[in-house]
1. Give me the 1.4 Å probe accessible area per residue for the range 74-138, excluding ligands and nucleic acids, in Å².
2. Heavy atoms only, probe 1.4 Å: what % of the accessible area of the range 82-135 goes to carbon and sulfur, would you let me know?
3. If you average 1/r over all unlike Cα pairs in the range 92-138 and invert the result, what Kirkwood radius do you get in angstrom?
4. Take the Cα pairs of the range 67-109, get the Kirkwood Rh, then feed it into Stokes-Einstein at 10 °C and 1.306 mPa s and tell me D in µm²/s.
5. Loop-only GluC sites (Glu not before Pro) in the range 85-143, please: DSSP not H, G, I, E or B, and at most 14 other Cβ atoms within 10 Å.
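The values are calculated or read from the model by the stated rules, or taken from the named source; none is laboratory data. The model shown is predicted, which means the values in this text are computed figures rather than measured ones. Because the Cβ atoms are built from the backbone with ideal geometry, glycine has one as well, and the counts that use them run over all protein chains shown. For accessibility, only protein heavy atoms count, side chains too; no ligands or nucleic acids. Shrake-Rupley method; radii C 1.70, N 1.55, O 1.52, S 1.80 Å.
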Amino acid sequence: SEIVCHIAAVIAEGSEYSEPRADTGFPIPSASDDPETAEKLETQTAVKKNWMSYGFDFNNKEDDRNAMHASFFFSVTLCIVFGSFIFAYVPDFQLRDWAQREAFLELRRREQLGLPPIDRNLIDPDKIILPTDEELGDTEIII
């Protein structure tokens, strides 16, 4: 409705109509409105003619580029490169390698003693308490 009112006002004045800008919705001043405005508009468009923002700063080209370079430096160089380096050389904090080494040593010890790799009675059967048939009732037991 603002644009329609503006178009009606422009037509009533008899001046030349210009299309509204996409970012603000207000019309771009034309050369017939004011010579100073037209000159400022030409210099602004000359500076911003081929510049496309990276999304960090829409008004200043230098600040936009500096912010883009800084964010990519921090995200790529520091996070990915140094993060990968730290992840590759971090100690075995979950002890996965230790558990595997310990298992191989235990297997070697049991083989030398002539024992099976895993003892059938690893846990003493007297310590295991199983439910009775009455406690189980109609529960289906899948083995």
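1. Values: 6550 Å² over 65 residues.
For the range 74-138, the per-residue accessible area is 101 Å².
2. Numbers: 3420 of 5680 Å².
Whole-percent figure for carbon plus sulfur exposure: 60.
3. Numbers: mean 1/r = 0.0714 Å⁻¹.
Every distinct Cα pair counted, the radius reaches 14.0 Å.
4. On the way: Rh = 13.1 Å.
Estimated via Stokes-Einstein, D reaches 121 µm²/s.
5. Numbers: sites: E102, E106, E111, E134, E135, E140; in loops: E140.
Taking the range 85-143 and a limit of 14 other Cβ atoms within 10 Å, the loop GluC sites (Glu not before Pro) found are E140.
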